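Asks: Below: one structure in structure tokens.
The values are calculated or read from the model by the stated rules, or taken from the named source; none is laboratory data. None of the values given here were measured: they were computed from a predicted structure. Counting neighbours? That spans all protein chains shown, and the Cβs are built from the backbone with ideal geometry, glycine included.
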Amino acid sequence: MAFFDILKQSISGRPLNIKEPTFIRDECDAQSQIEKMEELKKTAPPEISKQIEQDIKMLSYGISGENMVAYELKNSYMPILILRDLYLEYKGLTAQIDYVVIDTKFILIVECKKMTGDIEVTNNGDFIRLFKSSTGKIYKREGIYSPIVQNERHLELIKHILCDDMASITEKKCKVLLHSIVVFANPKTIVNIKYAKADTKKSTIRCDQLIIHMKALHDLNKDGPWFPEDGMYRVAEVLMEHHKENEVDYTQKYGLTSNVDQPEEVKEEQPQPAPTSSVSIEELPIYKELREYRLIKSREEGIKPYYIYNNTQLEQIIGLMPETYAELMQIKGFADIKCKKYGDAVINIVKKYK
């Protein structure tokens, strides 16, 4: 990096190459869950089928809310990195996080809520969901788990991950850099926070207020710690290393299986690298070509090579030698979006060495 580039970045605290909102992960696991449930519904008994249909509607509603947040982020014109739908596992703890936004001046954990009915927040911090008739009369009041508490737990988990895995991140820095916000995505939902405490009011916004909130966060930390571009990517990399696919056994969830007279479960094995005898896998022509393709694409897209596929995934490609999207998707991390972007090229390389 040239001297004046370093000076420019040091003075501004702004990334040099990230010019716009960049999604590091733009996949939504809920969509694949819906597809599995749709398939299961075809053979389920009528009463179970109705329950599955209701759950599909709820998931679809959540996805539409996340899509509204995605739209706001994509149109923020801020040089930020975005991770969508993370399922983090760390030291026995788990967290399902809708969005993590990484700026030079902050890391924002976003919890998206899209629900029918209005929301009332009491001075004790209780969230009450109100159901109203067409005339506006309340016919049902229902307490819901506080999304603020939920998001604070997500923040704590991310803090522990970053402090343990990044030498440059301390708990003191985390107090300045890490923030959380609950976004209500249904434009028809009225959120009454009149009697809520000040901290609660600051922690809940409507979807159309998200960009303003992020810009205010950036300006708030004007003289505090900041990330260079490599630091932003490193935070994203660390979080992705702890992301796991949230696998749900729907047959068990809906009671469609019985432990009686069931055949022994056969665990599907992850593809393993092909044996290479005395030749290391790095010396194989297919390894070199897959690595070269990864490097070229990363430069074209202005991202790190491991975001295309990491070395473990590269070795698993060689172990599996996939010729279809379905086979490629057996490798963890190759969901629909990644297959559509890179699948054809990977499969064509594989076919040359079959």
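Asks: Return the total of residues in segment 45-74 being under 16 Å from Thr251 (Cα atoms) and under 19 Å from the mean Cα position of the chain (by Cα).
Replies: Here the count works out to 0.
Asks: Go through the residues of segment 91-104 one by one and say whether even a single one is among the aromatic types (Phe, Trp, Tyr), touching a Cys at 6+ places or on another chain (Cβ under 8 Å), assigned by TED's automatic domain parsing to the domain that holds Met214 and buried (at least 19 other Cβ atoms within 10 Å of the Cβ).
Replies: Residues of segment 91-104 among the aromatic types (Phe, Trp, Tyr): 99.
From the residues that got through so far, the ones that are touching a Cys at 6+ places or on another chain (Cβ under 8 Å) too are 99.
Then drop every residue that is not assigned by TED's automatic domain parsing to the domain that holds Met214, which leaves 99.
When the remaining residues are screened for being buried (at least 19 other Cβ atoms within 10 Å of the Cβ), the result is 99.
Yes.
Asks: Then there's this: Looking at (1) under 27 Å from Ala216 (Cα atoms); (2) at pLDDT below 90; (3) under 19 Å from the mean Cα position of the chain (by Cα); (4) not aromatic (Phe, Trp, Tyr), which is the only condition Gly125 fails?
Replies: Just one mismatch for Gly125, condition (3).
Asks: Quick check, is Thr251 among the polar types (S, T, N, Q) and at pLDDT 85 or above? Reasoning before the result, please.
Replies: Details: among the polar types (S, T, N, Q): yes; at pLDDT 85 or above: no.
So Thr251 fails the test.
Asks: Starting from segment 327-348, keep only residues that are polar (S, T, N, Q), then list their pairs with residues that are at pLDDT 85 or above and surrounded by 17 or more Cβ atoms within 10 Å (Cβ to Cβ) whose Cβ atoms are within a distance under 7 Å, requiring at least 6 positions of separation or different chains.
Replies: Gln330/Leu320
Asks: For residues in segment 184-206 being in contact with a Gly (Cβ under 8 Å, 6 or more places away or on another chain) and closer than 18 Å to Tyr99 by Cα, which is modelled with the highest pLDDT? Explain how you work it out, then say what you get.
Replies: Kept after step one, since they are in contact with a Gly (Cβ under 8 Å, 6 or more places away or on another chain), are these residues of segment 184-206: 185-186, 189, 196-197, 200.
Checking the rest, the ones that are also closer than 18 Å to Tyr99 by Cα come to 185-186.
Details: Ala185: 91, Asn186: 86.
Applying the filter and picking the extreme gives Ala185.
Asks: Show me the helices (runs of 4 or more DSSP H) entirely contained within segment 1-100 in which 2 or more residues are modelled with pLDDT of 85 or more and within 28 Å of Met115 (Cβ to Cβ).
Replies: 29-41, 46-74
Asks: Within the set of pairs 6+ apart or on separate chains, which have a first residue in segment 144-165 that is in the same structural domain as Asn124 (by TED's automatic domain parsing) and hydroxyl-bearing (Ser, Thr, Tyr), a second that is crowded, with 19+ Cβ neighbours inside 10 Å and outside any helix (DSSP H, G or I), and C-beta atoms under 6 Å apart?
Replies: Ser146/Phe127
Asks: Scanning for something farther than 24 Å from Lys19 by Cβ, in the same structural domain as Tyr195 (by TED's automatic domain parsing), among the hydrophobic types (A, V, I, L, M, F, W, C) and surrounded by fewer than 20 Cβ atoms within 10 Å (Cβ to Cβ), does segment 111-128 turn up at least one residue?
Replies: Our first condition is that a residue be farther than 24 Å from Lys19 by Cβ; within segment 111-128, this holds for 111-128.
Checking which are in the same structural domain as Tyr195 (by TED's automatic domain parsing) leaves us with 111-128.
If we keep only those that are among the hydrophobic types (A, V, I, L, M, F, W, C) as well, we get 112, 115, 119, 121, 127-128.
Still in the list and also surrounded by fewer than 20 Cβ atoms within 10 Å (Cβ to Cβ): 115, 128.
Yes; the residues of segment 111-128 include at least one that is farther than 24 Å from Lys19 by Cβ, in the same structural domain as Tyr195 (by TED's automatic domain parsing), among the hydrophobic types (A, V, I, L, M, F, W, C) and surrounded by fewer than 20 Cβ atoms within 10 Å (Cβ to Cβ).
Asks: Another question, then. Take Val176 and decide whether it is in contact with a helix residue (DSSP H, G or I) (Cβ under 8 Å, 6 or more places away or on another chain) and closer than 19 Å to Ile109 by Cα. Don't jump to the end; show me each part of the working.
Replies: Details: in contact with a helix residue (DSSP H, G or I) (Cβ under 8 Å, 6 or more places away or on another chain): no; closer than 19 Å to Ile109 by Cα: yes.
No: the conditions fail for Val176.
Asks: For segment 311-327, give me each residue that is within 23 Å of Ser280 (Cα to Cα) and in contact with a Lys or Arg (Cβ under 9 Å, 6 or more places away or on another chain).
Replies: Pass one, segment 311-327, residues within 23 Å of Ser280 (Cα to Cα): 311-322.
Those that are within 23 Å of Ser280 (Cα to Cα) and in contact with a Lys or Arg (Cβ under 9 Å, 6 or more places away or on another chain): Asn311, Thr312, Gln313, Leu314, Gln316, Met321.
Asks: Could you grab me the full set of residues in segment 289-346 that are of a type in the set (Gly, Ala, Ser) and either touching a His at 6+ places or on another chain (Cβ under 9 Å) or modelled with pLDDT under 85 (or both)? Break it down stepwise before answering.
Replies: Within segment 289-346, the first condition is being of a type in the set (Gly, Ala, Ser), and the residues that meet it are 298, 302, 319, 326, 333, 335, 343, 345.
Across segment 289-346, the qualifying residues are Ser298, Gly302, Ala326, Gly333, Ala335.
Asks: Of everything in segment 316-354 that's over 20 Å from Glu245 (Cα atoms) and polar (S, T, N, Q), which residue is farthest from the chain's Cα centre (by Cα)?
Replies: Asn348
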